[in-house]
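A quick write-up on the structure given underneath.
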Amino acid sequence: MLEIFGPAEKLHAAVRRRVPQVACALIRDPETGLSRVRVTYREVGPREVEWDRAAYRWVASGVALRADPEEAADEIADELGVTRPPTP
């Protein structure tokens, strides 16, 4: 069954909420039909993140991120070099 608000949509929402200075878009993978998240910050990117049923993963390198969308959003921000205030 296709989820309308699946893992990619949850990550997209988390990135927009936690690091709004990152440009973030949902894109559809033409091969699988599944959604991915494309992120860009200043001159870094665009980079894509996908869900592999266990964790989020950078598409280009295959490096895994956290399974929790909020934690993955923080890791994305760190990887892109986003300066953000500490979370309480």
Note on Val39: of the conditions (1) open to solvent by 80 Å² or more (accessible area, probe 1.4 Å); (2) not small (Gly, Ala, Ser); (3) not in a loop (DSSP other than H, G, I, E, B), unmet is (1)
Within region 1-21, take every residue that is hydrophobic (A, V, I, L, M, F, W, C) and under 17 Å from Leu65 (Cα atoms) and give me the one that is surrounded by the fewest Cβ atoms within 10 Å (Cβ to Cβ). Ala13
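Going through region 56-67 one residue at a time, which ones are closer than 10 Å to Pro7 by Cβ and crowded, with 17+ Cβ neighbours inside 10 Å? Please lay out each step first, then the result.
In the first step, residues of region 56-67 are kept if they are closer than 10 Å to Pro7 by Cβ; the result is 56, 67.
Matches in region 56-67: Tyr56 only.
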With the checklist (1) exposed (fewer than 12 other Cβ atoms within 10 Å of the Cβ); (2) within 19 Å of Pro7 (Cα to Cα); (3) touching a helix residue (DSSP H, G or I) at 6+ places or on another chain (Cβ under 9 Å) in hand, flag the one item Cys24 doesn't pass. (1)
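Determine, yes or no, whether Trp51 is open to solvent by 70 Å² or more (accessible area, probe 1.4 Å), closer than 16 Å to His12 by Cα and touching a Lys or Arg at 6+ places or on another chain (Cβ under 9 Å).
On the way: open to solvent by 70 Å² or more (accessible area, probe 1.4 Å): yes; closer than 16 Å to His12 by Cα: yes; touching a Lys or Arg at 6+ places or on another chain (Cβ under 9 Å): yes.
Yes; evaluated as a whole, the condition is true for this residue.
Can you pull out the residues in region 1-33 that are closer than 18 Å to Pro46 by Cα, out of contact with any Lys or Arg (no Cβ under 7 Å at 6 or more places or on another chain), without any contact (Cβ under 8 Å) to a residue 40 or more places away in the chain and outside any helix (DSSP H, G or I)? Give the steps one after another, and end with the answer.
Residues of region 1-33 closer than 18 Å to Pro46 by Cα: 8-9, 11-16, 19-30.
Right, trim to out of contact with any Lys or Arg (no Cβ under 7 Å at 6 or more places or on another chain) and you get 9, 11-16, 20-23, 26, 28, 30.
Still in the running and without any contact (Cβ under 8 Å) to a residue 40 or more places away in the chain: 9, 12, 16, 20, 23, 26, 28, 30.
Once the filter is applied, which keeps residues that are closer than 18 Å to Pro46 by Cα, out of contact with any Lys or Arg (no Cβ under 7 Å at 6 or more places or on another chain), without any contact (Cβ under 8 Å) to a residue 40 or more places away in the chain and outside any helix (DSSP H, G or I), region 1-33 yields Pro20, Ala23, Leu26, Arg28, Pro30.
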Check on Arg66, in contact with a strand residue (DSSP E or B) (Cβ under 8 Å, 6 or more places away or on another chain) and in a strand (DSSP E or B): no
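The values are calculated or read from the model by the stated rules, or taken from the named source; none is laboratory data. As the structure is a computational prediction, the values presented were derived from the model and not from experiment. Every residue, glycine as well, gets a Cβ built from its backbone with ideal geometry; the counts of neighbours run over all protein chains shown. The accessibility values were calculated without ligands, DNA or RNA, using every heavy atom of the protein model including side chains. Shrake-Rupley method; radii C 1.70, N 1.55, O 1.52, S 1.80 Å.
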